[in-house]
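One structure below.
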Amino acid sequence: MENQNQEDFKRELGLFDGTMLVVGSMIGSGIFIVSSDIARQVGSAGWLTLIWVISGVITMIAAVSYGELSAMFPKAGGQYVYLRESYNQLIAFLYGWSFFAVIQTGTIAAVGVGFSKFAAYLFPIMSEENILYKTENFTLHAAQIVSIITIVLLTYLNSRGVKNSKTLQTILTVIKILSLLGLIVFGFLLGAKSQIWNANWTDMWATKSYIKDSASWLPISGVALISGISAAMVGSLFSSDAWNGVTFIAGEIKNPKRNVGLSLFLGTFIVTIIYILANLMYLAVIPFDEIATAKSDRVAVVASQYIFGNMGTLIIAVMIMISTFACNNGLIMAGARVYYTMAKDGLFFKKAARLNAASVPEWALWAQCIWASALCLTGKYGDLLDFVIIIVLIFYILTIYGIFILRKKMPDAERPYKAFGYPFLPALYIVIASAVSIALLITKTSTCGWGVLIMLLGIPVYYLTKGKE
């Protein structure tokens, strides 16, 4: 049982399934919320749009660069495998450690909470206001219970085999794409007002920051502008993240050398177009000040109320529930494959290397479920997003630099697909992502610093686990 090879995974996913997994994992609740924060940080329509465009373009550069790696190593484990082959086991372990401790589980927790926040619109009993238990240091509310129930339910479904979760993923993602496109089309047809659009674009490149205490705008430039842009990028990059999930399940994709890379490109391209159109729709429907001051940052709710009237809130609530549910299904499915591959390398619990009768790593799925559920109980998911994005960026930079390393290290290896625009585009990604990471460490030291610390804590853990062998 211990010596099963990668091929024990069933190759049941085609190009369409892979693309739907990328789209479904990328679109969570971010596009419905984070434009509000971006608007406060940069203060104009031009900059709001540009930040979404930059995030989309660098995400697509990363995705087409990963295509080369996915074609070289078409196995389960994705990014973990690429790091192991480019560098060494320690770097790969640090990624896997961070992935389990914060990246995947933290994202699953945050998305689960996103689901329960909007479910509370339909069923107020599920809201954060419904406190079930309270002590000095701990509060348990209904939203946390709801998010844990959804994580457990999706984990159970995924443990029964990849076919069920694939069907659910595809159906929910198609509904999600159609409903988002519907919102954009109805926004332009029913809600758009030329005077709002013209007013929003009048001073399109003026950079200013919103001061909540005085409810006023402050012009910014220089260092303040750089820190505003980097803070704004957290939201858009987080909304565009999780596109690499399809690489983790490469062991279950048909013709992975072609389909993994193509899924990455098609998925990130579709999402980037949807995100840019959604923001242009917001700017056509909502005065800029209202985008910046939307209640609880729920900018899509404001847009929907302008478009559909009182029904708008419910329409968005249902859309976000479908969106976050599909997003978590993709994250849960993909995450367990990384722990499986780590366990094969002797760097994770041995039981995680076993596949159940349905050919899925059930033990790894439940370990992920338990830790993600625990993170739901911390109530610190806002901070979790900062933790996640800094570690994610560091490993994306290392992975894409790995393409340069592997070209030297394995010059004769078969490369069915080569990184688009190499070496210029991968190098451009490294430069932009490094600049954003440095700016984040300077401007958000308290949270991003913790993220880096969690990652570095993996070093002693690695040597302790290696010492036991």
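The values are calculated or read from the model by the stated rules, or taken from the named source; none is laboratory data. From a predicted model like this one, the values you see are computed outputs, not experimental measurements. Note that we place each Cβ from the backbone using ideal geometry, even for glycine, and neighbour counts take in every protein chain shown. Note: accessible area is taken over every heavy atom of the protein model, side chains too, but ligands, DNA and RNA are not part of it. Shrake-Rupley method; radii C 1.70, N 1.55, O 1.52, S 1.80 Å.
Taking the accessible area of the stretch 151-296, probe 1.4 Å, and keeping the other protein chains in place, the carbon and sulfur fraction comes to 68%. Heavy-atom surface analysis with a 1.4 Å probe gives the stretch 1-126 a carbon and sulfur content of 64 percent of its accessible area. Of the GluC sites (Glu not before Pro) found in the stretch 82-154, those that fall in a DSSP loop while having at most 13 other beta-carbon atoms within 10 Å are Glu129, Glu136. Ligands, DNA and RNA are left out, and with a 1.4 angstrom probe the accessible area of the stretch 129-273 is 48 Å² per residue. The per residue volume of the convex hull around the alpha-carbon atoms of the stretch 44-135 is 204 Å³. Taking a ≥ b ≥ c as the square roots of the eigenvalues of the Cα gyration tensor, the stretch 345-469 is classed as oblate, since a/c reaches at least 1.5 and a/b does not exceed b/c.
Determine the shape class of the stretch 356-414: with a ≥ b ≥ c the square roots of the Cα gyration tensor eigenvalues, call it rounded for a/c under 1.5, and otherwise prolate if a/b is greater than b/c, oblate otherwise. Because a/c hits 1.5 or more and a/b fails to exceed b/c, the stretch 356-414 counts as oblate.
Under the combined filter of DSSP loop state and at most 14 neighbouring Cβ atoms within 10 Å, the stretch 95-151 retains these chymotrypsin sites (Phe, Trp or Tyr not before Pro): Phe138. What the stretch 318-469 shows is 44 Å² of accessible area per residue, with the surface traced by a 1.4 Å probe over protein heavy atoms.
Taking amide H as placed 1.01 Å from N in the peptide plane, Ser209 has its amide H under 5 Å from the amide H of Leu218, Ile220, each at least 5 places away in sequence or on another chain.
Counting only protein heavy atoms and a 1.4 Å probe, the stretch 1-77 has 26 square angstrom of accessible area per residue. In the stretch 399-448, the portion of solvent-accessible area held by carbon and sulfur atoms comes to 70 percent [1.4 Å probe, whole percent, DNA, RNA and ligands not counted]. Using the Karplus relation 6.51 cos²θ - 1.76 cosθ + 1.60 with θ = phi - 60°, the per-residue 3J(HN,Hα) values for the stretch 337-343 come to 5, 6, 5, 4, 5, 4, 5 Hz, with x marking Gly and Pro. Seen through its C-alpha gyration tensor, with square-root eigenvalues sorted a ≥ b ≥ c, the stretch 99-190 comes out oblate because a/c lies at 1.5 or above while a/b is not bigger than b/c. Do any chymotrypsin sites (Phe, Trp or Tyr not before Pro) in the stretch 204-279 lie in a DSSP loop with no more than 15 other beta carbon atoms within 10 Å, and if so, which? Sites meeting the loop and neighbour criteria: Trp205. Straight Cα distances below 20 angstrom link Lys212 to the aspartates and glutamates Asp37, Asp289, Glu290, Asp297, Asp383, with same-chain residues fewer than 8 positions distant left out.
Each stretch of four or more DSSP H residues adds -39500 (n - 2.57); spread over every residue of the chain, this sum gives -23000 deg cm²/dmol at 222 nm. Using alpha carbon coordinates only, what is the Rg to Rh ratio of the chain, with Rh defined as the Kirkwood radius? Here the Rg-to-Rh quotient is 0.96. Select from Ile253, Ile332, Ile316 the residue farthest towards the positive end of the dipole of the stretch 240-365; place +1 on Cβ of Lys and Arg, -1 on Cβ of Asp and Glu, and compute about the Cα centre. Of Ile253, Ile332, Ile316, it is Ile253. Of the cross-linked pairs Lys176/Lys351; Lys75/Lys466; Lys134/Lys166; Lys351/Lys408, those separated by over 30 Å at the C-alpha level are Lys176/Lys351; Lys134/Lys166; Lys351/Lys408. From the P(r) of the stretch 284-407, can you give the percent of Cα pairs sitting at distances over 26 Å? So the portion of pairs separated by more than 26 Å is 48 percent. Taking amide H positions as modeled 1.01 Å from N, with prolines and chain starts lacking one, the residues under 5 Å from Ile249 and 5 or more places away or on another chain are Gly77. Computed from phi, the 3J(HN,Hα) profile of the stretch 60-65 under the Karplus parametrisation 6.51, -1.76, 1.60 (θ = phi - 60°) reads 5, 4, 4, 5, 6, 6 Hz, with x in place of Gly and Pro.
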